[in-house]
Amino acid sequence: MPTDSPTFTYQGHNDNVFAVAWSPDGSSIASGSRDKTVRVWKATSGGDFCIYRGHTSSLLSVAWSPDGKYIASGDTTGIVQVWEAFTGRGVVTYHGHTRFVRSIAWSPDSLHIASGGDFGDSTVQVWTALTGNRVYTHNQQYRIFSVAWSPDGKRLVSCSFDGSVRAWDAFTGSNLLSYRDHSSPVYATAWSPNGAYIASGGQDMMIQVWEATSGKSICTYKGHTDAVKSLAWCPDSKYIASGSNDLTVQVWEAASGKLFTSYTDHAEWVRTVAWSPGGEYIASASGEMVHITRLSNLF
């Protein structure tokens with residue numbers, strides 16, 4: 001990517017965008033919308049590679065496989081589809097959820113997918129990515145809003161409407177760690193790239209950073225004035241970007257909670273944030289638009 005790239009706004013969707021995901025090489029973005037499409041486009045110019053129209057209802061979640069070959073997308077009817085990232089050719093359709101696939105995450109080796117079901121489902125399901133064979137179902141939380149893999153591919157963390165955040169063995173459910181320092185629904189959780197920490201945020205407007213093995217609190221960030229809906233770690237695990245109903249994306253130090261900047265160009269609730277693999281850019285979405293912001297423009 002050019003180092004002098006300006007802030008860019010992608011306007012290809014005609015309804016609210018709920019999910020964005022970077023390609024592993026940082027050149028492209030997939031965005032999923034209530035307009036029932038996933039669009040794959042160039043991150044620095046907005047030129048479309050592919051418009052995927054395989055879903056019949058609103059998109060809630062999108063995830064790019066770590067090997068760069070596939071995209072998984074989940075919708076309000078509970079369907080997850082896996083398809084080739086740049087051709088749109090369908091690979092498998094997963095029917096394990098009853099409705100509202102709010103979150104999707106690929107395992108680091110690209111072999112498995114974890115998908116979380118919201119209202120009317122309340123499960124995290126782990127399954128083989130290219131066959132749809134279910135491996136394990138986690139059903140100990142009410143309404144799953146977010147799920148994320150540990151970098152070593154052994155564990156998952158999930159958060160829910162009941163205010164709980166739980167880390168557990170991805171394939172057996174054992175070694176359960178329950179974190180309950182939030183006072184209300186938790187909408188977002190993310191595992192740090194170095195594997196040491198988990199961040200979680202939600203309706204209480206606070207973001208908690210805690211040790212992934214012990215649950216010990218490291219930092220509580222209180223910079224937002226409304227519910228936190230999305231979190232993304234910087235690739236070096238030092239910083240976190242958080243998106244909120246207060247219309248801002250805030251970038252802050254994970255160890256101390258020190259705020260570096262607030263991005264305030266959104267006119268509606270920020271539904272999703274994603275940090276580019278190289279660390280130079282943040283993608284965030286509200287309403288019908290996706291904003292790509294170069295960090296030198298923020299700091």
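Of the residues making up the stretch 255-299, those that are modelled with pLDDT of 95 or more and of a type in the set (D, E, K, R) are Lys258, Glu268, Arg271, Glu288. Of the residues making up the stretch 225-267, those that are without any contact (Cβ under 8 Å) to a residue 24 or more places away in the chain and within 20 Å of Gln11 (Cβ to Cβ) are Thr264, Ala267. Scanning the stretch 79-95 for residues that are assigned to a strand (DSSP E or B) and either within 19 Å of the chain's Cα centre (by Cα) or over 18 Å from Ser31 (Cβ atoms) (or both) yields a count of 9.
Considering Ser110, Ser115, the condition of being on the phi > 0 side of the Ramachandran plot, among the polar types (S, T, N, Q) and either buried (at least 21 other Cβ atoms within 10 Å of the Cβ) or outside any strand (DSSP E or B) (or both) is satisfied by Ser110 alone.
Take Ser256 and tell me if it is within 21 Å of Gly195 (Cβ to Cβ) and surrounded by fewer than 16 Cβ atoms within 10 Å (Cβ to Cβ). It is true that Ser256 is within 21 Å of Gly195 (Cβ to Cβ) and surrounded by fewer than 16 Cβ atoms within 10 Å (Cβ to Cβ).
Among the residues of the stretch 197-209, none qualifies, meaning not one is crowded, with 19+ Cβ neighbours inside 10 Å, of a type outside the set (A, V, I, L, M), in contact with a Lys or Arg (Cβ under 6 Å, 6 or more places away or on another chain) and at pLDDT 95 or above. The C-beta contact set for the stretch 132-160 (first residue of a type in the set (Val, Ile, Thr), second residue surrounded by fewer than 22 Cβ atoms within 10 Å (Cβ to Cβ) and assigned to a strand (DSSP E or B), distance under 6 angstrom, 6+ apart or interchain) comprises Val135/Trp127. For the stretch 75-85, residues that are open to solvent by 10 Å² or more (accessible area, probe 1.4 Å) and of a type in the set (Val, Ile, Thr) total 3. On the basis of being buried (at least 17 other Cβ atoms within 10 Å of the Cβ) and under 14 Å from Tyr187 (Cα atoms), does Val249 make the cut? No; evaluated as a whole, the condition is false for this residue. Looking at the structure I just gave you, is Pro277 open to solvent by 20 Å² or more (accessible area, probe 1.4 Å) and touching a residue at least 60 places away in the same chain (Cβ under 8 Å)? When the stated conditions are applied, Pro277 passes them.
Restricting Ser158, Ser184, Ser178 to residues that are in a strand (DSSP E or B) and surrounded by fewer than 18 Cβ atoms within 10 Å (Cβ to Cβ) narrows the list to Ser178. The combined condition, being modelled with pLDDT of 95 or more and more than 19 Å from the chain's Cα centre (by Cα), is not fulfilled by Ser45.
Residues that are surrounded by 22 or more Cβ atoms within 10 Å (Cβ to Cβ) and closer than 19 Å to Thr7 by Cα: does the stretch 227-238 have at least one? Checking the stretch 227-238: at least one residue is surrounded by 22 or more Cβ atoms within 10 Å (Cβ to Cβ) and closer than 19 Å to Thr7 by Cα.
The values are calculated or read from the model by the stated rules, or taken from the named source; none is laboratory data. Just so we're clear, the structure is a prediction, and the values are computed from it rather than from any experiment. Counting neighbours? That spans all protein chains shown, and the Cβs are built from the backbone with ideal geometry, glycine included. Ligands, DNA and RNA are excluded from the accessible area calculation, which covers all protein heavy atoms including side chains. Shrake-Rupley method; radii C 1.70, N 1.55, O 1.52, S 1.80 Å.
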